[in-house]
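The block underneath contains the structure these notes are about, expressed in structure tokens.
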Amino acid sequence: MISEFALDPTLVASWYDPKEWAFFREAFTAETGRVGSAIGSNSLRKWRGMVVKRFHEKLPKLSEQSNERRRLEALLDDITQRMFCRESSHPECPTWLEKAITEHRNRPFDGILSASPYEAMPEVITPEMLFSDNPPSSWKVHPNLVVDRTPEALTQALAPLIMRSKETIFIDPWFDPTASRFTEPLAQILKVIWDPGRFISNPTVQLVTTAGKYGSNYHLSKCHEHLPRIIPVGHCLEVTLLQARENGEKFHNRYVLTPLAGVSLGTGLDASNITKSQTDDIFRLSNEQRNKRWYQYVSGRGSEFEIMAGPHLIESLL
């Protein structure tokens with residue numbers, strides 16, 4: 001659904017040249033599913049500083065006011081909006097590529113986009129490899145998946161997205177906290193989000209659902225009764241209950257929304273309750289769709305739906 005590519009500051013510094021930038025202009029837009037990753041620094045600001053430093057090392061005679069530098073700054077303004085910053089680095093490694101390779105061995109990227117080749121690791125991709133007749137298969141990101149409706153398969157499909165997201169919002173109007181077919185997949189997904197090997201610290205998680213036929217007080221009481229046991233120790237889940245307005249937007253579809261991307265599930269976040277596995281379709285939302293759903297269910301939920309309860313924090317048992 002999404003793929004993370006570490007971006008070499010030396011390579012990105014060359015993109016001030018329109019001829020160098022032309023191939024990559026659409027490579028990391030929101031529609032591609034590719035996410036650029038900063039490594040070797042602890043913030044996008046520092047990674048951006050590395051790019052500028054490489055630029056001036058390559059072109060020492062150019063000033064900060066040069067057209068080339070301004071072009072690079074505009075490009076960086078654009079691409080860093082959709083970049084992901086891993087919070088760990090390996091300062092003991094002397095070069096960016098060695099840092100990226102060491103990080104990849106611990107927590108793999110989908111690819112390392114580098115100005116320099118490294119034949120011992122096929123995940124290191126140079127522009128020349130992308131220009132070839134047979135570019136690396138990892139460069140292609142599938143926007144849709146067919147998955148088994150099991151807790152394991154649903155979690156595996158969502159893992160590349162939720163492990164990299166500071167915020168994850170699950171939207172499922174049919175969520176039933178008393179049914180294991182809902183709670184078992186959510187338990188596995190939450191375990192991945194808060195796994196010690198995740199790529200960011202302190203992610204937050206929300207569940208947006210409806211009050212159901214028994215009303216908001218009853219539904220919230222069941223959430224408080226059943227959900228603490230599936231929340232990893234020391235963490236909490238925020239629950240909000242919404243209701244569609246008369247003649248307003250229908251509260252029906254199921255989504256997983258994050259700042260990086262969003263996905264829609266054809267059937268839902270619940271597992272199949274029959275012995276023979278069923279399958280479901282998972283679709284990555286376009287950027288326009290993600291922004292619309294984010295407003296409806298997150299930032300502007302009170303203007304689109306009636307807020308029946310919440311947000312309520314539900315903590316783990318311990």
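The values are calculated or read from the model by the stated rules, or taken from the named source; none is laboratory data. Since the structure is predicted, the reported quantities are computational estimates derived from the model, not experimental observations. Note that each Cβ is placed from the backbone with ideal geometry, even for glycine, and that neighbours are counted across all protein chains shown. Surface areas here come from the heavy atoms of the whole protein model, side chains and all, with no ligands, DNA or RNA. Shrake-Rupley method; radii C 1.70, N 1.55, O 1.52, S 1.80 Å.
Net charge around residue 317, counting only other residues with Cβ within less than 12 Å of its Cβ (Lys, Arg = +1; Asp, Glu = -1)?
Details: positive: 229; negative: 225, 315.
Around residue 317, the charge tally is -1.
How high is the relative contact order of the stretch 156-285, in percent, counting Cα pairs under 8 Å that sit 6 or more residues apart?
Numbers: 208 pairs, mean separation 42.2, N = 130.
Here the relative contact order equals 32 percent.
With only alpha-carbon atoms counted, please give the Rg and Dmax of the stretch 151-194, in Å.
In order Rg, Dmax, the Cα atoms of the stretch 151-194 give 10.4, 29 Å.
Ranking request for peptides 116-124, 239-247: highest mean number of other beta-carbon atoms within 10 Å first, then the rest in descending order.
239-247, 116-124
Calculate the spin-label point distance for residue 107 paired with residue 71, positioning each point 7 Å from the Cα along the beta-carbon direction, and give it in nanometres.
3.6
Straight-line reach from residue 19: which lysines fall under 23 Å, measuring Cα to Cα and dropping same-chain residues less than 8 apart?
53, 58, 61, 140
For residue 289 and residue 29, calculate 0.36 nm times their separation in residues minus their Cα-Cα distance, and state this gained length in nm to one decimal. Show your work: numbers first, answer last.
Values: separation 260, 0.36 × 260 = 93.60 nm, distance 1.44 nm.
Net length gain for the segment: 92.2 nm.
Greater than 19 Å separation of Cα atoms is the criterion. Which listed pairs, 46/99; 191/222; 250/292, meet it? Spell out each step's value before the answer.
On the way: 46/99 15 Å; 191/222 21 Å; 250/292 14 Å.
Too far apart for the 19 Å limit: 191/222.
Which chymotrypsin sites (Phe, Trp or Tyr not before Pro) in the stretch 187-273 pass both tests, a DSSP loop state and at most 12 other beta-carbon atoms within 10 Å? Provide the component values of the computation, followed by the final result.
On the way: sites: 194, 199, 214, 218, 251, 255; in loops: 194, 199, 214, 251.
Qualifying residues, ordered by number: 214.
Angle check, please: helix 44-58 long axis (alpha carbons) against the longest principal axis of the chain (alpha carbons), in degrees 0 to 90, nearest 10.
20
With the other protein chains left in place, how much accessible area per residue, in square angstrom, belongs to the chain at a 1.4 angstrom probe?
Values: 15670 Å² over 318 residues.
Per residue, the chain has an accessible area of 49 Å².
Could you tell me what a quarter of the Cα convex hull surface of the stretch 161-318 works out to, in nm² with one decimal place?
Numbers: hull surface 38.4 nm².
In nm², the orientation-averaged hull projection of the stretch 161-318 is 9.6.
Can you tell me the dipole magnitude for the chain around its Cα centre, using point charges on the Cβ only (Lys, Arg +1; Asp, Glu -1), in Debye to the nearest 20?
Numbers: 37 positive and 39 negative charges, 84 e Å.
Charge dipole, the chain, about its Cα centre: 400 debye, nearest 20.
Ignoring ligands, DNA and RNA, what percent of the accessible area of the stretch 30-168 is carbon or sulfur (1.4 Å)? Walk me through the numbers before you get to the answer.
On the way: 3660 of 7280 Å².
Using a 1.4 Å probe with all protein chains present, the stretch 30-168 comes out at 50 percent carbon and sulfur.
With no solvent and one equal point scatterer per Cα, compute the Debye intensity ratio I(q)/I(0) for the chain at 0.13, 0.15 Å⁻¹ and report its log10, rounded to two decimals.
-0.98, -1.19
So what is the calculated 222 nm ellipticity per residue for the chain, using -39500 (n - 2.57) for each DSSP H run with n of 4 or more, over all residues, to the nearest 500 deg cm²/dmol?
Numbers: 11 runs with 102 residues, N = 318.
Calculated from helices alone, the mean residue ellipticity at 222 nm is -9000 deg cm²/dmol.
Between the stretch 253-318 and the stretch 140-214, what is the C-alpha centre distance in whole Å?
Rounded to whole Å, the Cα centres lie 9 Å apart.
Among 252, 199, 239, pick out the residue whose Cα is farthest towards the positive end of the charge dipole of the chain, where Lys and Arg carry +1 and Asp and Glu carry -1 on C-beta, about the Cα centre.
Of 252, 199, 239, it is 239.
Once you list every other residue whose beta carbon is under 12 Å from the beta carbon of residue 276, what net charge do they have if Lys and Arg are +1 and Asp and Glu are -1? Intermediate values should be presented prior to the final figure.
On the way: positive: 149; negative: 148.
Computed value for this residue: 0.
Put +1 on the Cβ of each Lys and Arg and -1 on the Cβ of each Asp and Glu in the chain; which of 130, 27, 117 then has its Cα farthest toward the positive end of the dipole?
Most positive-ward Cα: 27.
The stretch 225-278: Rg/Rh from Cα coordinates, Kirkwood Rh? Don't skip to the end; give the middle numbers.
Numbers: Rg = 15.2 Å, Rh = 14.8 Å.
Rounded to two decimals, Rg over Rh is 1.03.
Could you work out the percent of alpha carbon pairs in the stretch 47-122 separated by over 19 Å, rounded to a whole number? Show your work: numbers first, answer last.
Working: 1368 of 2850 pairs.
Summing the P(r) tail past 19 Å for the stretch 47-122 gives 48 percent.
First measure r as the distance between the Cβ atoms of residue 98 and residue 152, then evaluate 1/(1 + (r/R0)^6) with R0 = 30 Å and state the FRET efficiency to the nearest 0.05. The partial results should precede the final answer.
Numbers: r = 35 Å, r/R0 = 1.17.
Step by step, r from the Cβ atoms, then E = 0.30.
Measure off 7 Å from each Cα along the Cα-to-Cβ vector at residue 279 and residue 120, then give the distance between these two points in nanometres to one decimal.
Placing both labels 7 Å beyond Cα along the Cβ direction yields 4.1 nm.
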